[in-house]
1. With contacts defined as alpha carbon pairs under 8 Å and 6 or more residues apart, what's the relative contact order of the chain in percent?
2. If you keep only loop residues by DSSP, which trypsin sites (Lys or Arg not before Pro) in the stretch 287-367 have at most 16 other Cβ atoms within 10 Å of their Cβ?
3. Using only helices, what value at 222 nm comes out for the chain when you add -39,500 (n - 2.57) per DSSP H run of length 4 or more and divide by the total residues, to the nearest 500 deg cm²/dmol?
4. Stokes-Einstein diffusion coefficient for the stretch 302-403 at 20 °C in a medium of 1.002 mPa s, Rh from the Kirkwood formula over Cα pairs: what value in µm²/s?
5. Between residue 375 and residue 17, take the C-beta separation as r, use R0 = 51 Å, and let me know the FRET efficiency to the nearest 0.05.
6. Need the full-extension length gain, residue 307 to residue 206, defined as separation in residues times 0.36 nm minus the C-alpha distance. One decimal, nm.
7. Percent relative contact order of the stretch 296-408, based on C-alpha pairs within less than 8 angstrom and at least six residues apart?
8. Using only the alpha carbons of the stretch 253-436, determine the length spanned along each of the three principal axes and report them from longest to shortest in whole angstroms.
Amino acid sequence: MTELVEHWIDGALVSGESPRTGPVYNPARGIVQREVRLASTADVDVAVQAAARAFPAWRDASIAKRQQVMFKFREILNARSDELGAILTNEHGKVLSDAAGEIARGLEVVEFACAMPHLTKGDYSENVSTGVDVTTVRQPLGVVGVISPFNFPAMVPMWFFPIAIAAGNTVVLKPSEKDPSAAIWMAKALQEAGLPDGVFNVVHGDKEAVDALLEHPTVRSISFVGSTPIAKYIYSTAAANGKRVQALGGAKNHMLVLPDADLDLAADAAVNAGFGSAGERCMAVSVVLAVDSIADELVAKVAERMATLKTGDGTRGCDMGPLITREHRDKVAGYLDTAAADGASVVVDGRGIEVDGEPDGFWLGPTLIDRVPTESAVYTEEIFGPVLSIVRVDGYEAGLDLINANRYGNGTAIFTNDGGAARRFQREVTVGMVGVNVPIPVPVAYHSFGGWKDSLFGDAKAYGPQGFSFFTQEKAITTRWLDPSHGGIDLGFPQHR
Ligand code: NAD
């Protein structure tokens, strides 16, 4: 019997009515290891109804109670992160140390959510008019939907649900159907932490489940992370259905290396940020813009480091694991042919490398392509794999122009020892997250995460202050305690006196 990953609704595993299932691979072995339920519209409705029933009591639970659940969830995550890490490596393929990093970055948001009593304090203005006070409070929205991608099956859901839940909302999560088990592990951990049934629900599925969430009248908001075409669709469809939306999309992150940079540090950074998680990170560096005078030296240093990387099964102490599916592996490998046809030079070819893993795994080794023409699909498309492109530029201005002309604006980095150039860059670049000698500038949990341009649709970034604001609505209350001297009729517009 094939193992089936079930939905989690109202505090229990649920099969639902849909007979459809999808394959869940072990990418390091190239086999289907289990199947996942694919929810129907009716299955999603059952989850939304459960979340709606749980909302009034959860909204009315004290902040202290909601905070305690988050503290306990944090303890469970810390104590048993190895269990969750093993699930990530098993279904996604990333190496165990990288899985631990993913969990640690999700944990930061849980810790931010533990500060909910401080976040919800609100404002108070005394005596705005004689005897009149105004206070603003922020209250939860109700049932909120979260739709997440395959590449961070634990961290990306944790960008949203800890804040949503601690603020008093109830959640329906639709994780990626490619690696669905981490969501179920977290649902059980939340229950163990004391979260009432129905506050956090997981429905697995594909477009049918997503559309059901986008169109459900009870769902108040949608938080999405995934590719740009789907992010655009989510943004327009959810907004047309009257929902609050934050939809984070794809990326093509450039790292600009100026001639005065420490080239050893820059080469280390390019390799770490290019090939960590096999390049399947929205903040991966996929393009290095090398100023001509140092380009040859930098390319040599990057290639030298790449030769030391061990690709293989994430449980065996390798540096880099497989890609998510065979189809995706073949698509990424196809860019090597495109590169050759477009006149770029393939410096390191990741095809046919020796791996420490099963032969049928979805392998592609670290790949380096130099002199990539900016018209080539290797440059214009998001590859989302272990392929690092070098584009040579004649200086700062040319590098900046390329970054600013790019349709994506998720992350970028400059490597330099010139403070003036770095300062100019951080002001002039049209990208949402900027690193100065930091290759993957993912903001800490008390700042917010999100890109510009085609990397984010909507006006709210993920987590941090913007995440809190997204999951709450502000109410302004004007109060006057009447005494008999205030009587009388006056139809004029209220004025401050
Ligand atoms: P994806 O867009 O294929 O899928 C994301 C989610 O949307 C999944 O839950 C999936 O089931 C659902 N989905 C897929 N096709 C759909 C459709 N036609 N209609 C409705 N829903 C659909 O993305 P992915 O391949 O899982 O993840 C990789 C992408 O995510 C990359 O483009 C990467 O850059 C991006 N990403 C962005 C960020 C960010 O913060 N900006 C973070 C992580 C990943």
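1. Answer for the chain is 18 percent.
2. Sparse-neighbourhood loop trypsin sites (Lys or Arg not before Pro): 310, 316, 351.
3. It lands at -12000 deg cm²/dmol.
4. This corresponds to a translational diffusion coefficient of 148 µm²/s.
5. 0.55
6. Roughly 32.5 nm would be gained on extension.
7. Normalised by residue count, the contact order of the stretch 296-408 is 23 percent.
8. 50, 31, 29
Every number here is computed from the coordinates shown, using simple stated rules; none is lab data. Please read these numbers as outputs of a predicted model, since none were measured by experiment. So basically every Cβ, Gly included, is an ideal-geometry build from the backbone, and we count neighbours across all protein chains shown.
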